[in-house]
Amino acid sequence: MSAASAGAAGAAPAARNAVHNKGLITVSTMLATIMQVLDTTIANVALPSMQGSLGASQDQISWVLTSYIVAAAIMTPVTGWLSDRFGRRELFIASAVGFVVASMLCGIASSLNEMIVFRLFQGICGASLVPLSQAVLLDINPKEKHGQAMAIWGAGIMIGPIIGPTLGGWLTDVFNWRYVFFVNLPIGILAILGMVATLPRTERRLRGFDFLGFAMLSIAIGAFQMLLDRGEQEDWFASPEIWIELGLTVSGLWMFVIHITGRNNPFMDPKIFKDRNLVTALVLIFIIGVILLAGLALLPPLLQNILGYPVVTTGFVLAPRGVGTMISMLVVGRLVSLIDARLLILAGLGLTAYSLYIMTGFSPIMSDGPIIVSGVVQGLGLGLVMVPLSTLAFATLRPEQRTDAASLFSLLRNLGSSVGISIVVTALAQNTQVNRTELVSKLTPFNMDIAGMAHGLGVGPETAIALLSSQVSTQAAMISYLDDFMLMMWITLAVIPLLLFLRKPQMGGGKPDPAHVAME
């Protein structure tokens, strides 16, 4: 019997086992996924507490986030090669174990240097969890049920970042910042036990490791993440560091593209970029990443600093956004096999744009209503986009290409999130200064309106101006938030024409999926 025949024979029992244990596989893989995506936002609210406990400055403590983001971004594209070389089951379990161990080490870290090293380890181990879970769910379900599978996967991806800040704030307030990492232990242990018991083995494919291709892509991704993360505090292109990182990004990406197109066995198979659905989906998921986490980066400080909401109340007000996402995920998972997925994506983008339009009408004296309504509408919209987009992205790919494609899908989503946060935070800071300068230009002690207000309050002109200055700062910041929401709305509308490039897959025809031939 040939090696290929033996591999196929070995795959058949695994596939049949996957059918019998599909529910347990789904639960265990999604627990691992939720554990990882929670860590993209849960630690943010605990940074001030960490800073005092670890004796770090404001600039130094930011490396707790930067180290994790850079490590995860660099290791995400190598998931496909690692999965082929060591087996998807083995890689998934090892990554989950490493992530849990790293989380425990982060929780007991006693110095900033230890924390940064452990966060690097956590990012390296967690990088493959999301793309592997996506590939596993696609493989254990027949093509006609891929929409429902992606609804489950998308729910974990979308809900994790939304509840992360609320959960992190609650754990920090009730216990301390270390429980932001300790919370991963019970979730991770359950996920590991489930995967050990149920996750099927896959056929291994030995392919050489393209070190040069990996190095070039790692340099490009790492430098780009550093640029985005440190740009605001380094005053962007006024800093030599940012120019160096931009140069490394451009040169590394250029050399990577040239390398993989001229090599027989490259680090990443360039043939997957010939799939029009995948390439279009990568662009769209990049934009979804911008909208998803950029909004999450803006809303908590808006609610706390301008509207005066406590941390817990902020979490409750933002919770309906997650409810909207869950509702749309449950509904669209069934609709995607009945309605053209492109129409669902169009409806989702339309709802997302409408929610951002509602947010451009926010006011410092508004009630909870507009926040809750816009959150539910945006949750519904993003859910309608994520599921059909994930389904179409992999609908025309061969099964052996799914892990590489899932790695790219996760990478572009994360890069989009980083880009979106950098854009809105930078625009917010710069526009706030411009708006405040314009608003205060006419506030002087010689202004009769100011004098009248001072007389009415029973204070001096200088005190009246100080009171007005505080209000002007609030208004200047509010205008800047509204400008950011408007920018995000136009970005959402601008990507709608890309839907014309997506092809509707033939669910009943085409080449059969070998994994499901084995299942039957």
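Does PRO310 count as without any contact (Cβ under 8 Å) to a residue 12 or more places away in the chain, in the same structural domain as VAL283 (by TED's automatic domain parsing) and more than 25 Å from GLN134 (Cα to Cα)? So PRO310 passes the test. Tallying residues that are in the same structural domain as MET226 (by TED's automatic domain parsing), modelled with pLDDT of 85 or more and within 25 Å of the chain's Cα centre (by Cα) within region 255-281 yields 0. Of the helices (runs of 4 or more DSSP H) contained entirely in region 1-87, those carrying at least 1 residues that are closer than 22 Å to LEU293 by Cβ and at pLDDT 70 or above fall at 22-38, 47-54, 58-61, 63-75, 79-86. In the set GLY452, GLY510, only one residue is on the phi < 0 side of the Ramachandran plot and either basic (Lys, Arg) or at pLDDT below 65 (or both); that residue is GLY452. Checking region 273-282 against the condition returns no match, with no residue being among the polar types (S, T, N, Q) and surrounded by fewer than 16 Cβ atoms within 10 Å (Cβ to Cβ).
The values are calculated or read from the model by the stated rules, or taken from the named source; none is laboratory data. Note that this is a predicted model, so its numbers are computed, not measured. Neighbour counts run over all protein chains shown; Cβ positions are idealised from the backbone, glycine included.
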